[in-house]
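Working notes for the structure below.
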Amino acid sequence: MTTTAPASTSTVPGPDGALLVVDHVSHTYGSGERAHLAIRDLEFAVHPGEFVSIVGPSGAGKTTLLRTLAGLLQPSSGGVWVHGTRITGVPDDMAMVFQDYSRSLLPWLSVAKNVAFPLAGSARSKAERDEIVDESLEAVGLGGFGDRYPWQLSGGMQQRVAIARALAYRPTLMLMDEPFASVDAQTREGLEDLVLRIRDQYDMTILFVTHDIDESVYLADRVLVLSRSPAHVVEDLAIDLPSPRDQISTREHADFVHLRSRVARLVHGGEPD
Ligand SMILES: Nc1ncnc2c1ncn2[C@@H]1O[C@H](COP(=O)(O)OP(=O)(O)OP(=O)(O)O)[C@@H](O)[C@H]1O
Ligand SMILES: [Mg+2]
């Protein structure tokens, strides 16, 4: 990805040491009579290494939020700060993984070439690029699959290729927009644990949008619950569950059961218990 120049570092909003600061961000699509306010005055900060899940009703503005954080959309008001610098374009060390792997992978390129795609314009040597591709594929358990084509792989494997491609950016911050919505439940559990593993391995900060309330709690250190559109933060919930997480013992933990019910109530517009 290319970086657009920083604006100013003189008045950094948010708490000290935050990696990401979302400072009173609103976004309106269109203008005049067709104007649609998708997100409204969003405000939160994320610290280095945190895993933050974002949940909210369909159409709340979650994808709009992620696209704004990735510098793909300009906020209509407010600003996004990464590493103490207000962003005006796509930050270098940020990567995004989308729901629809079948559209995000290029079918005419091999798996290795798909993963190498973000490195195309970089100053790295071919040997360095090959090493990053091998390491990224290895990290998602697809070492040895580089010569295949995406359409020769299962849905879960294709999404792992998309994750490997994101890793090739060597991101500090990874944004994931419902990345596992199109795979079966068992594959999904494997991918959840994979994301937790690579987060530790690569020391990443992750923002993870999901519709699955159990998933949001299972993965995260914090869950941000958004309101109906135009989205604002209705609750910022700390998830103080033991780590490492485990698909069986974490999900049967009394705190997990309590937290998932609380998030579910908030998403459905009820009062927290
Ligand atoms: N390009 C666009 N132009 C106009 N309106 C848009 C555009 N993209 C999204 N919207 C509107 O903005 C609102 C928020 O959309 P967004 O896709 O961010 O929601 P979401 O929370 O990601 O939804 P979902 O859970 O279904 O993925 C919706 O009302 C949507 O119709
Ligand atoms: Mg969306």
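The values are calculated or read from the model by the stated rules, or taken from the named source; none is laboratory data. On a predicted model such as this, the values are computed, not experimentally measured, just so you know. Backbone-built Cβ (ideal geometry, glycine too); neighbour counts: all protein chains shown.
Just give me the residues in region 135-174 being touching a helix residue (DSSP H, G or I) at 6+ places or on another chain (Cβ under 6 Å), more than 21 Å from ASP200 (Cα to Cα) and in a loop (DSSP other than H, G, I, E, B), in sequence order.
PHE145, GLY146, ARG148
Mind checking which residues of region 167-214 are of a type in the set (A, V, I, L, M) and either within 16 Å of ligand 1 (Cβ to nearest atom) or in contact with an Asp or Glu (Cβ under 7 Å, 6 or more places away or on another chain) (or both)?
Of everything in region 167-214, those that are of a type in the set (A, V, I, L, M) and either within 16 Å of ligand 1 (Cβ to nearest atom) or in contact with an Asp or Glu (Cβ under 7 Å, 6 or more places away or on another chain) (or both) turn out to be LEU173, LEU175, MET176, ALA181, LEU207, VAL209, ILE213.
Among (1) buried (at least 17 other Cβ atoms within 10 Å of the Cβ); (2) outside any loop (DSSP other than H, G, I, E, B); (3) away from ligand 2 (no atom under 16 Å from the Cβ), where does HIS258 come up short?
Tallying (1) buried (at least 17 other Cβ atoms within 10 Å of the Cβ); (2) outside any loop (DSSP other than H, G, I, E, B); (3) away from ligand 2 (no atom under 16 Å from the Cβ), HIS258 fails exactly one: (1).
Which residue, of LEU42, LEU66, LEU109, is within 16 Å of ligand 2 (Cβ to nearest atom) and over 14 Å from the mean Cα position of the chain (by Cα)?
LEU42
Would you say GLY79 is out of contact with any Pro (no Cβ under 6 Å at 6 or more places or on another chain), more than 30 Å from ARG124 (Cβ to Cβ) and either within 13 Å of ligand 1 (Cβ to nearest atom) or at pLDDT below 95 (or both)?
Criteria not met by GLY79.
Do you know which of the residues in region 48-58 that are away from ligand 1 (no atom under 16 Å from the Cβ) and either surrounded by fewer than 16 Cβ atoms within 10 Å (Cβ to Cβ) or hydrophobic (A, V, I, L, M, F, W, C) (or both) is nearest to the chain's Cα centre (by Cα)? First the steps, then the outcome.
Here is the first cut: in region 48-58, the ones away from ligand 1 (no atom under 16 Å from the Cβ) are 48-51.
Subsequent filtering for residues that are either surrounded by fewer than 16 Cβ atoms within 10 Å (Cβ to Cβ) or hydrophobic (A, V, I, L, M, F, W, C) (or both) retains 48-49, 51.
Details: PRO48: 14, GLY49: 13, PHE51: 9 Å.
Restricting to residues being away from ligand 1 (no atom under 16 Å from the Cβ) and either surrounded by fewer than 16 Cβ atoms within 10 Å (Cβ to Cβ) or hydrophobic (A, V, I, L, M, F, W, C) (or both), the top hit is PHE51.
Being among the hydrophobic types (A, V, I, L, M, F, W, C) and surrounded by 22 or more Cβ atoms within 10 Å (Cβ to Cβ) is the filter; apply it to region 129-160 and report the residue that is farthest from PHE208 (Cα to Cα).
Top of the filtered list is VAL133.
Please find, within region 81-129, the residue that is farthest from GLY155 (Cα to Cα) out of those that are of a type in the set (Ser, Thr, Tyr) and assigned to a loop (DSSP other than H, G, I, E, B).
The selected residue is THR88.
Residue check: is VAL52 within 24 Å of ASP200 (Cβ to Cβ) and assigned to a strand (DSSP E or B)?
Working: within 24 Å of ASP200 (Cβ to Cβ): yes; assigned to a strand (DSSP E or B): yes.
Answer is yes for this residue.
In region 26-36, which residues are in contact with a strand residue (DSSP E or B) (Cβ under 7 Å, 6 or more places away or on another chain) and exposed (fewer than 15 other Cβ atoms within 10 Å of the Cβ)?
Correct list: TYR29, GLY30, ALA35, HIS36.
Please find, within region 166-184, the residue that is surrounded by the fewest Cβ atoms within 10 Å (Cβ to Cβ) out of those that are under 12 Å from the mean Cα position of the chain (by Cα) and over 20 Å from ASP93 (Cβ atoms).
Residue satisfying both the conditions and the ranking: GLU178.
If TRP81 meets every condition in (1) over 16 Å from ARG170 (Cα atoms); (2) outside the structural domain of HIS47 (by TED's automatic domain parsing) apart from one, which number is that one?
For TRP81, the exception is condition (2).
Could you tell me which residue of region 210-237 is farthest from HIS258 (Cα to Cα), considering only residues that are within 16 Å of ligand 2 (Cβ to nearest atom) and of a type in the set (Asp, Glu)?
Per the stated criteria, the residue is ASP212.
Can VAL22 be described as within 16 Å of ligand 1 (Cβ to nearest atom) and either exposed (fewer than 15 other Cβ atoms within 10 Å of the Cβ) or not assigned by TED's automatic domain parsing to the domain that holds GLY146 (or both)?
Values: within 16 Å of ligand 1 (Cβ to nearest atom): yes; either exposed (fewer than 15 other Cβ atoms within 10 Å of the Cβ) or not assigned by TED's automatic domain parsing to the domain that holds GLY146 (or both): yes.
So VAL22 fits the description; yes.
Regarding ILE163, is this residue free of Cβ contacts under 8 Å to residues at least 60 places away in the same chain, surrounded by 15 or more Cβ atoms within 10 Å (Cβ to Cβ), farther than 11 Å from VAL111 by Cβ and among the aliphatic types (A, V, I, L, M)?
Taking the combined requirement at face value, the residue does not satisfy it.
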